[in-house]
Every structure is written in C-alpha cells, then in structure tokens.
Amino acid sequence: MFRRTRRLAVLSALAATAIALSACAGSPEPVKTSTGAPDPDATLTVGLVLEPSNLDIRHTSGAALEQVLIDNIYEGLVTRTQDNTIEPRLASDYEISPDGLTYTFTLNEGVVFHDGSALTSADVVESYEQVRTDETLQGFAEFAGVAEITAPDEASVVITLTEPNQNFLFTLTGPAGLVFKAGDETDLQTAENGTGPFTLENWTKGSTITFARFADYWGEAAGVAEVVFEYIPDFTAGLNAALDGSLDVLTAVDPNLAPELEASGEFLLTEGRTTDKATLAFNNAQAPLDDVRVREALRLAIDHDALIEATGAGETLYGPIPELDPGHEDLSDVAGYDPARAKELLAEAGAEDLELTLTIPSFYGTTVPQVLISDFAEVGVTLDVEPVEFATWLEDVYTNKDFELSYVLHVEPRDFGNFANPDYYFGYDNPEVQRLYAEALTEIDEDASAELLAEAARLVSEDHAVDWLYNGVTITALLPTVSGFPVDSINSRIDLAGVTVAGE
C-alpha cells in the first residue's frame, strides 16, 4: 500500500529551499519497512496542523473535526473509502428503491455506544430527525428533502425522500449521517459518546488530543492501544518534531521540506490524492469584487504553473470540481495566464492601482501570499496580507463575510453546492447555476447528473466566482514501523482503526 515517492524530490527541487536542502543532505539510503510483529499495546503519535476549536461535530463545521472524529469516535450508517467510494458502516447493508426515493438500512448486530448502551434503530431515527428539524445542526440543509425517517424494527431504518438526491447517500458519510445515542446529555463540546473503535481519553487544548482503544467495539479491534494527535503550529515545527523523534507520522508535509525528511533516512514518504481545492475566495457581494471584470483580471494575473512550482506539489485546477468528484472537466480555457488582458480588464472596470487585502489563516505560511503579491503587482494591484488565527478566520470571513480576498483549502469532497448557495461566504449568486445544481441532484442517472454538474461548473468558472489556485496533493511522512496509515484524502478524514505499529 505504501510507496517511496521519488517524484516528491523532483517536485520539491523546483523550489530553491528544497534544492538547498537536497544539496546539503546528499542521497539518502532507502528506508526499510519494519518486519516486526504489530504491538497491540503501541501508541501512535500523529502530527496534525489544524486543531478544532471544540469537539461538537454536530454544531461545528470544518475538516479539523471530521479528520479525527469520523470513523474513529463517531460512525454513520455508511462511510466512504479513501477514493470516495461509499460502503456500509453501522449498517450491514442497504437498498435504494428504483425511483431513488426510499433507502432501507439494516443495522449490524452488537453495536454499543462508549457508555455501554446498545445501538438500536431508535437512536438512528432520533439522530436523523434532529438533523432534519434543527437548523443549527450540520447537514440540516442537506436533509431538506427528507420526508420521513422510520424504524420498522430495532434493526432496520427506512428513510424516504421527497425527490431523488444524488448526493444523499454521500451526505450520510459526513457529520449529518453520524449516529448519536437518543436522549444523551453528553457535552459534545468537550466529551463524546460514539460507537467508534476509539474513545476520547484526553484533550489538552493547544497541544494534544488522545484517543484510546474501545475494548467493546462491535467490529475488529483497533490495531493500536492509543493515538495521540500532536497539533503543531506550522510546517517547520512539524518537520522539527518529526526529526527529533516526537512523531510516528507527520501529515500535511510541506513539499519544500520533504527532502529533509527523506534525507534523514528515518521516514517513508507517501503522496496521496485529495479533493483539496486551494481557493482564493473573492467577496462577490462587495465592491470592487462585485465586478466580474475585476475578478477575471485577478485570475488572469496569476501564473498557476509557477505557483505550483513554488508550493512544490499540486495540479492546476480552473474550476470548482476536482478530478475525484463527479462533473470534473478541464476548464483551463476559461482563465489562463494573461497579465496583459488582466490590465485591460482592470482599466475597463476603472480599477487601476487597486489595493486589496488577503485574509489567510496563519498556519498556511507565506509561499502562496508571496506569489500572489508578485503576480498582482505586475498588473498594478497591491495586495496586503493579513494572517489570522483559524478561529478568527471562521468568525470574520466564513461567518461574518467581512473580507475582500481570502485563501483557504476547501478539502470537502462534492462541495459544489457552495456555489449554488448565495448565503455562502463567497457571496456568489447565479440562478442558472442554482437551477442546474438542483437538476443534477434530482437526476437518478449518475452520468446525466455529472453532465449537469459540469455545465454548472463551467458557468461558475466563467463568472470567476473564485480562483482555484491548485488541486492539492497530500504528503505524509511515517516511520517504517507504521503500517496501514491512509494515503489518500486524509485531509478530510483519517480512519485509524487498521493502523498498526511494529514492536521492537
């Protein structure tokens, strides 16, 4: 499953920093995978960048929660694999009626919550009824088409929709589909009561979250006794923590720093696919970005290939749908690199000598802002960069929409619906896009649905609603004693049940 990624060295060599690191380190010896037997009492220490502000995945959005809680602490009727294939989880199987309106799930036997109480269909019904009726819960909007949720018996759940929804089963793989104990009074901000293979042992805010193996888990027991998530403030600190022996696994490795990890001879490096969309958001509802000419000019001013060289890894992406999601097509014809045309558009819009502010979570570093500052300067746009804590970004940008430009990784798969939601922080409102998206959801045929999504995606790109700087790849460094650690899509979830650590 794991592979040494020689392409990492090639990608990273495009950046001056990586060249210097490689030159100093020389050619590393191949790292040998451990052949020792898995230690069931092992602790796995994983370095992550983005710490959640609280643990209430029902009321709080963001990948920081989904990444560590889904499948590890909480489970739904279904889940998704690394390549976004849907498969049963708490349900042993499921059926969808030919008209796409009725979903029938059969529960696995012997499932218990972490407090010891047995899972029944009543827990599922209450969990989903709450999502359907409580607008404060994650997934409320996605449950708008749910007509009825019933439990014919203790082991069966039937969900009936008002109209077909291509994304409904996929929705159940996220926070909306998680199952909680009926009537439970656990404070989800700081505690949990899930059904997953791990329990929450400790959370030291600003430092670590620790999971312990759940002894009464209904499925196969977790391969390690304990998982410690070390939250690290920036990429360089992550590198240092890995090199000083503090970590078994470092996720989200900066490609420019990957050669130093490789040169150490201590780590295996894997490169995984993602649905990460490095998004330069425009506030479409605020001048001067309410003018499509200004938005197009900013996109044309960006040399996306050079930006990817600077970041060290990634693929160009000129529209809202990445390759792993239905509806993807190459939209590079919409906004290629053309600074001369960008200047013309800014002049037409009366926006010469424009000054804009970019709000960016501070942990993303300076590489992308530096490229944008340089590219925008070439067309007469001055870019001021405002690094903020992620909690501040959530409050100011995501919630209050108080920004001009913003940069953030949108890691969620199948999130095109953001562009069909005029209340989303982009402030983008196109009725035709909304119509096409609605038709794509209700279309039963998957291929026809994907065609409608592709049509809508082209409109979004032609409106220059945002700029997609690149489609990210994820680089993970792990000790050779670690086996089974996921490779793909780990920025949105990391299922750790099958991970093992070899003993001495």
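Overview of values
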item: Those residues of segment 146-172 which are farther than 21 Å from Thr133 by Cβ and touching a Lys or Arg at 6+ places or on another chain (Cβ under 8 Å), in sequence order; result: Phe170
item: Residue check for Val433: assigned to a helix (DSSP H, G or I) and under 27 Å from Gly100 (Cβ atoms); result: yes
item: Strands (runs of 3 or more DSSP E) fully within segment 86-132 counting 1 or more residues that are free of Cβ contacts under 8 Å to residues at least 40 places away in the same chain; result: 86-88, 91-96
item: Test: residue in segment 345-364 that is modelled with pLDDT under 95 and touching a Gly at 6+ places or on another chain (Cβ under 7 Å); result: yes
item: Residue list for segment 221-252, restricted to those being outside any strand (DSSP E or B), closer than 21 Å to Pro197 by Cβ and among the hydrophobic types (A, V, I, L, M, F, W, C); result: Ala221, Ala222, Val224, Ala225
item: Condition met for Tyr337 (surrounded by fewer than 20 Cβ atoms within 10 Å (Cβ to Cβ), among the aromatic types (Phe, Trp, Tyr) and closer than 25 Å to Val411 by Cβ); result: no
item: Criterion (farther than 28 Å from Asp83 by Cβ, under 26 Å from the mean Cα position of the chain (by Cα), surrounded by fewer than 21 Cβ atoms within 10 Å (Cβ to Cβ) and not assigned by TED's automatic domain parsing to the domain that holds Thr79) met by exactly one of Glu185, Glu226; result: Glu226
item: Flag for Ala456 being modelled with pLDDT of 95 or more, in a helix (DSSP H, G or I) and either in contact with a Leu (Cβ under 6 Å, 6 or more places away or on another chain) or within 22 Å of Gly174 (Cα to Cα) (or both); result: yes
item: Enumeration of residues in segment 146-182 that are outside any loop (DSSP other than H, G, I, E, B), over 26 Å from the mean Cα position of the chain (by Cα) and within 25 Å of Glu220 (Cα to Cα); result: Ser156, Val157
item: Hits in segment 461-482 - residues which are of a type outside the set (A, V, I, L, M, F, W, C), on the phi < 0 side of the Ramachandran plot and in a loop (DSSP other than H, G, I, E, B); result: Asp463, Gly472, Pro480, Thr481
item: Among the candidates Asp445, Asp488, Asp463, residue that is surrounded by fewer than 24 Cβ atoms within 10 Å (Cβ to Cβ), modelled with pLDDT under 95, outside the structural domain of Thr173 (by TED's automatic domain parsing) and more than 22 Å from the chain's Cα centre (by Cα); result: Asp445
item: Pairs with Cβ under 6 Å, 6+ apart, first in segment 60-84 and more than 18 Å from Asn167 (Cα to Cα), second assigned to a loop (DSSP other than H, G, I, E, B) and among the β-branched types (Val, Ile, Thr); result: Ala63/Val411; Leu65/Ile57; Gln67/Ile494; Leu69/Ile57; Glu75/Thr195
item: Matching option when the condition is surrounded by fewer than 24 Cβ atoms within 10 Å (Cβ to Cβ), among the acidic types (Asp, Glu), farther than 29 Å from Tyr424 by Cα and touching a residue at least 24 places away in the same chain (Cβ under 8 Å), among Glu262, Glu266, Glu296, Glu348; result: Glu266
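The values are calculated or read from the model by the stated rules, or taken from the named source; none is laboratory data. This is a predicted model, so every value here is computed, not measured. Note: ideal-geometry Cβ built from the backbone for every residue, glycine included; neighbour counts use all protein chains shown.
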